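Structure first, then comments.
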Amino acid sequence: MGFVKRIILAFLLTFSVSFAEEAVADSVATSASDEESSSFGFKDVVSWPLEHILQPIFGVAVYPVAQPIHYAFDNGVIEKSVDLITFGENKNILIYPAMNLKPGSSTMLGAVYRHRSIFLNRDYLVLEPYYFANGDWYLGFRYTKQDIFGLPLYAAFRLQQNMNRDAYFIIPGTKEQFVQPDSSTYLNWRLSFPLNKAKTLDLSFSAELELMRAGLPTNVEDSILIDEKFSSGARGIYQDFTEIPLEVALYFDNLDYSYAPTRGSRFSFRAAYNFVRDYEGRRYDDVRFADDDGEGEPDEGGREVHQKYRFHDDHANHDYIRTEMIFQHYFYLGKAEKFHLSVKEARQSRKFYLDFSLDETLRTWRPENVLNTLFERRVLAFQFRLTDTWEMEKGEAPYDAFPWMNTRFPMRGYSDAWAAKHVMGLSMEYRWPIDRFVDGVVFNEYGMHTDEFDDWSFDRYYNSWGFGVRVRQPNMYFFRIQFGFHGLNGVNLVMTIAPEYK
């Protein structure tokens, strides 16, 4: 528990610093002449090695990636590309291809259709169909509406259908994976509203219907059925069941910009009670793990699964609670003067600031923040994240109840993932400007996981680090390309449109 106390104290100290920083900045601003004549201050001591050592070294490292992006912005490639995919009299429709060209079955081609004000004022529809090289497919549908009945309310509906034969299950407390084809369906309803006039504090309620449908892998050697490490009858493995999560969430966000923050804090706390119905079981009439001719004893290391074999639910309480706390803070280290966006840039920023993910739309966009920004946006960004699963009956929560610690936790230096009841992470990033819309990034992050909240141990402690670039406007995010390492081990490439820390 000593370690947990130190983490909590560190979190409270960081939170206190975030509120003290603005007061310190005001004090420094009123004594500019004294500052010029004085020696290095605390901010200078922190920023000097970052600006004069890390930034030049990693600036060279990210040059091969940053330079083509820099060229694209300078020559209007991005703007021309956006014009090609924009339709409608009011330019409120976007249609563009999506692809993933990684080797193997993850190779994907798809399309994205985005339509603002399709039915009503300030509503928004997104449709995303994807087709994979192995014949799998994914369908995403999202519809959102702001200012319902003239009130400051935000409502959203989301449907997700995933047919993925290469999905996998991770044994809780480990990173051991077993193939578990997934054909689950998710339907989500959300309603949120601001709690203050500044719209920096939001309260959100959501309900979801999850139809969990797991299956057997094509290759029997990938199945957990022939492994003794974990009971395939536990936690709904290869079984069908239904979940109904009911969630309440509190969000605080006073960042100066949505996707190019230089200072401010963001805090969120989410708690969901998940109602889980009894496992329906599955009958395996065609499953036999024997030798090739179907006769005789099973192969070495395997075991025979008799026909008519059925998993039965033990009628235990499978309900569970999921909680998540995230705290982020940004320290601004730059000193450059402001520059103003052109009228066209301001219009484009507002026009294309679309809710690219359901959670990001909860960030309040204040138009006055588009009027100006800081070119020298050297920033230290911190994130603390804690996600927990609390079982109503020990050992009875289903297989999807456990949070993962993976590249989006983030642990960007690892290509695999851990699953556990409790995961905790601390991430730090230094960001500096390469271009007006391109930031260089150096990051270092730590993660821990445990099955018992009072049993955090450095035996389950991991670290990753790396560097890369982020491409964005002040109020619109494009993508990031980053290279992650753990120790001096091989590189893990992260290319995603998911924003920072997600």
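The values are calculated or read from the model by the stated rules, or taken from the named source; none is laboratory data. Fair warning: this is a prediction, and the values are worked out from it, not measured in the lab. Cβ placement follows ideal geometry from the backbone for every residue including glycine, while neighbour counts extend to all protein chains displayed. The protein model used for the area step is the full one, side chains on, heavy atoms only, and it has no ligands, DNA or RNA in it. Shrake-Rupley method; radii C 1.70, N 1.55, O 1.52, S 1.80 Å.
Observations, loosely collected:
- In segment 79-88, residue farthest from VAL442 (Cα to Cα) [restricted to those that are open to solvent by 50 Å² or more (accessible area, probe 1.4 Å), assigned to a helix (DSSP H, G or I) and touching a strand residue (DSSP E or B) at 6+ places or on another chain (Cβ under 9 Å)]: LEU84
- Taken over segment 438-466, residues that are without any contact (Cβ under 8 Å) to a residue 60 or more places away in the chain and either out of contact with any Phe, Trp or Tyr (no Cβ under 9 Å at 6 or more places or on another chain) or acidic (Asp, Glu) (or both) amount to 4.
- Some residue of segment 171-184 being over 30 Å from TYR462 (Cβ atoms) and of a type outside the set (Phe, Trp, Tyr): yes
- For segment 215-231, a residue qualifies if it is in contact (Cβ under 8 Å) with a residue 60 or more places away in the chain, closer than 23 Å to ASP314 by Cβ and open to solvent by 10 Å² or more (accessible area, probe 1.4 Å), and the qualifying residues are LEU216, ILE226.
- Checklist (1) surrounded by fewer than 19 Cβ atoms within 10 Å (Cβ to Cβ); (2) farther than 21 Å from ARG277 by Cα; (3) not β-branched (Val, Ile, Thr) applied to ASN188, failing item: (2)
- Taking the listed residues PRO499, PRO474, the one that is buried (at least 17 other Cβ atoms within 10 Å of the Cβ), in contact with an Asp or Glu (Cβ under 7 Å, 6 or more places away or on another chain) and in contact (Cβ under 8 Å) with a residue 60 or more places away in the chain is PRO499, with no other qualifying.
- Only one of the numbered conditions (1) under 27 Å from ASP256 (Cα atoms); (2) free of Cβ contacts under 8 Å to residues at least 40 places away in the same chain; (3) part of a strand (DSSP E or B) is not met by ARG190, and that is (2).
- Residue list for segment 472-491, filter: in a strand (DSSP E or B) and of a type outside the set (A, V, I, L, M, F, W, C): ARG472, GLN473, TYR477, ARG480, GLN482, GLY484
- Selection of segment 481-493 for residues being open to solvent by 10 Å² or more (accessible area, probe 1.4 Å) and at pLDDT 85 or above yields ILE481, PHE483, PHE485, HIS486, VAL491, ASN492, LEU493.
- Residue within segment 89-104 that is polar (S, T, N, Q), part of a loop (DSSP other than H, G, I, E, B) and loosely packed, with under 13 Cβ neighbours inside 10 Å present: yes
- Qualifying residue in segment 361-371 (condition: surrounded by fewer than 19 Cβ atoms within 10 Å (Cβ to Cβ) and modelled with pLDDT of 50 or more): no
- If you go through segment 232-249 and keep only what is open to solvent by less than 10 Å² (accessible area, probe 1.4 Å), touching a residue at least 60 places away in the same chain (Cβ under 8 Å) and not in a loop (DSSP other than H, G, I, E, B), you end up with GLY236, PHE241, GLU243.
- The set of residues in segment 228-245 that are touching a Phe, Trp or Tyr at 6+ places or on another chain (Cβ under 7 Å) and farther than 18 Å from THR185 by Cβ comprises SER232, GLY233, ARG235, ILE237.
- Selection within segment 261-279 - touching a helix residue (DSSP H, G or I) at 6+ places or on another chain (Cβ under 9 Å), in a loop (DSSP other than H, G, I, E, B) and either within 12 Å of HIS318 (Cβ to Cβ) or open to solvent by less than 10 Å² (accessible area, probe 1.4 Å) (or both): TYR279
- In segment 454-465, the residues that are open to solvent by less than 70 Å² (accessible area, probe 1.4 Å) and farther than 30 Å from TYR332 by Cα: TRP456, SER457, ARG460
- Residue match in segment 250-260 (condition: surrounded by fewer than 19 Cβ atoms within 10 Å (Cβ to Cβ) and assigned to a strand (DSSP E or B)): yes
- Residue selected from segment 448-466 under the condition part of a strand (DSSP E or B) and out of contact with any helix residue (DSSP H, G or I) (no Cβ under 9 Å at 6 or more places or on another chain), by the criterion nearest to TRP390 (Cα to Cα): TYR461
- Candidates VAL441, VAL423, VAL469: the one that is farther than 13 Å from ALA260 by Cα, open to solvent by less than 10 Å² (accessible area, probe 1.4 Å), outside any loop (DSSP other than H, G, I, E, B) and among the aliphatic types (A, V, I, L, M) is VAL423.
- Every residue from segment 376-420 that is acidic (Asp, Glu) and assigned to a loop (DSSP other than H, G, I, E, B): GLU376, GLU393, GLU396, ASP416
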